[in-house]
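Only one structure is covered here, and it is reproduced in the block below.
The values are calculated or read from the model by the stated rules, or taken from the named source; none is laboratory data. Just so it is clear, the structure is predicted and the values come from calculations on it, not from any experiment. Every residue, glycine among them, receives a Cβ derived from its backbone with ideal geometry; neighbour counts consider all protein chains shown. Surface accessibility is based on the protein's heavy atoms, side chains included, excluding ligands, DNA and RNA. Shrake-Rupley method; radii C 1.70, N 1.55, O 1.52, S 1.80 Å.
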Amino acid sequence: MKKLIIVFILLFFARQVTKAQIIEENVDTTQSTLAKLYQDNEIFRRIKINGYIQAQFQYADSAGEKSYDGGDFPAGVDKRFAVRRGRIRFQYDEPVNSKGFSTSQYVLQFDITEKGLVIKDAFLKVTDPWTGWASLTFGVQNRPFGYEIVYSSNLRESPERGRMSQIIFPNERDLGAMITIQGPKASRWNWIKLDAGMFNGTGAPGVGANTSDFDKFKDFIGRIGITRNNRAENIRYGFGASYYAGGFRIDSVSVYSFGRDTSGKDAFVLDSKALDNYNGGLIGSRNRTSKNIVGVDAQLSIDWLPGLTTLRAEYIQGEQPATASTSASPSSAVTSDIYKRKFNGAYFYFLQNILQTPFQLIVKYDFYDPNTDVEGEALGKAVSPGAKAFGSTDVKYETWGLGLSYHWDANMKILAYYDKVTNETSDNLSGFKDDIHDNVFTLRFQVKF
């Protein structure tokens, strides 16, 4: 009987030990699972997802109109519905360190419209962990030139950037590496910022935008800017200066620049310097045409009794090498004749919030002169053999924009906007004897999330 009791006691304790082991194992598994879930949750918490959709209706002056208000109208079309932008952006930030700033950031942004899907941003940004003053951004990103280029379409008051910005900096973005010098938010020197980078110099507009390079040359872009508030923080102002130095290879000996033909008339003539460089070097070596641009910008906002008033301006000038048919920056190797033009352009904004209502008045003026060496009746005028006449690509355009926006709520905005476009005229240039009918009305609904 005693033996039986001892066996029973041993079996009972053995069972309790086994149950304790099972419970312990379950506890360990639960703890590791919870730890993994917590870690995953922390990662997801650091991922920010946002975006916006711009759906719009447009009415043009003429069917098949050439336009910089969201692209050309198809042949036979003067009214259209479109999703101008459908953006979704993913951003991951490393946790803030002991000094109060994150040391790395990763961004992917896509644009999804009825025309297809395009990658807009794909870059990583790393910040020095010691001071937080120096950052390196690598990948597809905004070009650090001027103010309007980097100002988000989500915030911009007019439907589109100015004609000059779209032509000289197509797609606003490029592939490259940029160094930024700026103090952390807590620094007393956070108001000054310096950007400088090397880029491919392409960045074609439209669906399937190409930022791949077609030669070994890289372009330099840099900007220094300041942004300050007064002590009462009801006045905010900023200034900036930008510089662009680049170019691309010459695959043709026919490079033209402004000069005089054999009869003494203004014309495009062969650029002897470019010809010497071509004959003296190999393709992709010394035969490079230059692109040099400088710009200045300024911003002022005053929050006062009539509502927030904002003034904004930017002026750009430089030399732009392109082709006979366009003054836009190329996105692939140029195999036709190259035309070097001196250009300038500017834009001016007047923005007025109407008292404390959700309405905002928008007035904008911009101009783009692709060839400052020629104007008026010189456009299209016949020249001597061997020289080239000035054409439609050399025509100056001015645009007045007038709009009214209504903030439906914190996330939705309705915009009614009219662009009146005028161009240089010349009796010698076919299609430009009178002003072209290319005005556009836009009604846009924008929702952000």
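Per-structure values
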read-out	value
Percent breakdown of C-alpha pair distances by 20 Å bin, ordered from the shortest bin, for the chain	20, 48, 20, 6, 4, 1, 0
The chain - percent relative contact order, Cα under 8 Å, separation 6 or more	12
Estimated distance in nm for a label pair at Ala410 and Asn234, the labels positioned 7 Å out from Cα along Cα-to-Cβ	2.6
Interchain or long-range residues, amide H under 5 Å from Tyr256's placed H	Asp271, Ile338, Tyr339, Lys340
Among Asn371, Asn292, Asn229, residue whose mean-square fluctuation peaks in a GNM of the chain (springs only between Cα atoms under 10 Å)	Asn229
Inter-site label distance for Ile88 and Thr372 at 7 Å from Cα along Cβ, in nm	4.5
In Hz, Karplus ³J(HN,Hα) per residue of segment 307-313 (6.51, -1.76, 1.60; θ = phi - 60°; x = Gly, Pro)	x, 5, 10, 10, 10, 8, 8
Violating pairs (Cα-Cα greater than 31 angstrom) within the set Lys120/Lys364; Lys115/Lys193; Lys120/Lys291; Lys342/Lys364; Lys265/Lys364	Lys115/Lys193; Lys265/Lys364
Residue-level accessible surface for Tyr418, protein heavy atoms, 1.4 Å, Å²	100
Calculated from backbone phi, Karplus (6.51, -1.76, 1.60) coupling profile of segment 57-67 in Hz, x at Gly/Pro	10, 10, 10, 9, 5, 9, 5, x, 5, 6, 8
Difference of contour (0.36 nm per residue) and Cα-Cα distance, Ile354 to Ser290	18.4 nm
Heavy-atom accessible area per residue - the chain, 1.4 Å, Å²	53
At 0.890 mPa s and 25 °C, Stokes diffusion of segment 321-377 via Kirkwood alpha-carbon radius, µm² per second	167
Nearest-ten-degree value, helix 2-45 long axis tilted from longest Cα axis of the chain	10
Net length gained if the chain between Ser62 and Tyr365 were fully extended (0.36 nm per residue, minus Cα distance)	106.9 nm
Calculated FRET value between Lys99 and Lys388, using beta carbons and R₀ = 51 Å, to 0.05	0.30
Amide H contacts under 5 Å for Asp438, placed H, 5+ residues apart	Val421
Protein accessible area in the chain, 1.4 Å probe - carbon and sulfur %	61
Heavy-atom SASA rank of Asp409, Asp78 (probe 1.4 Å, accessible area, largest first)	Asp409, Asp78
Cα-only Debye scattering, segment 39-103: base-10 log of I(q)/I(0) at q = 0.19 Å⁻¹	-0.77
Cα principal axis extents for segment 382-439, largest first, Å	63, 21, 12
Under 5 Å, built H, 5+ apart or other chain: amide partners of Phe248	Thr289
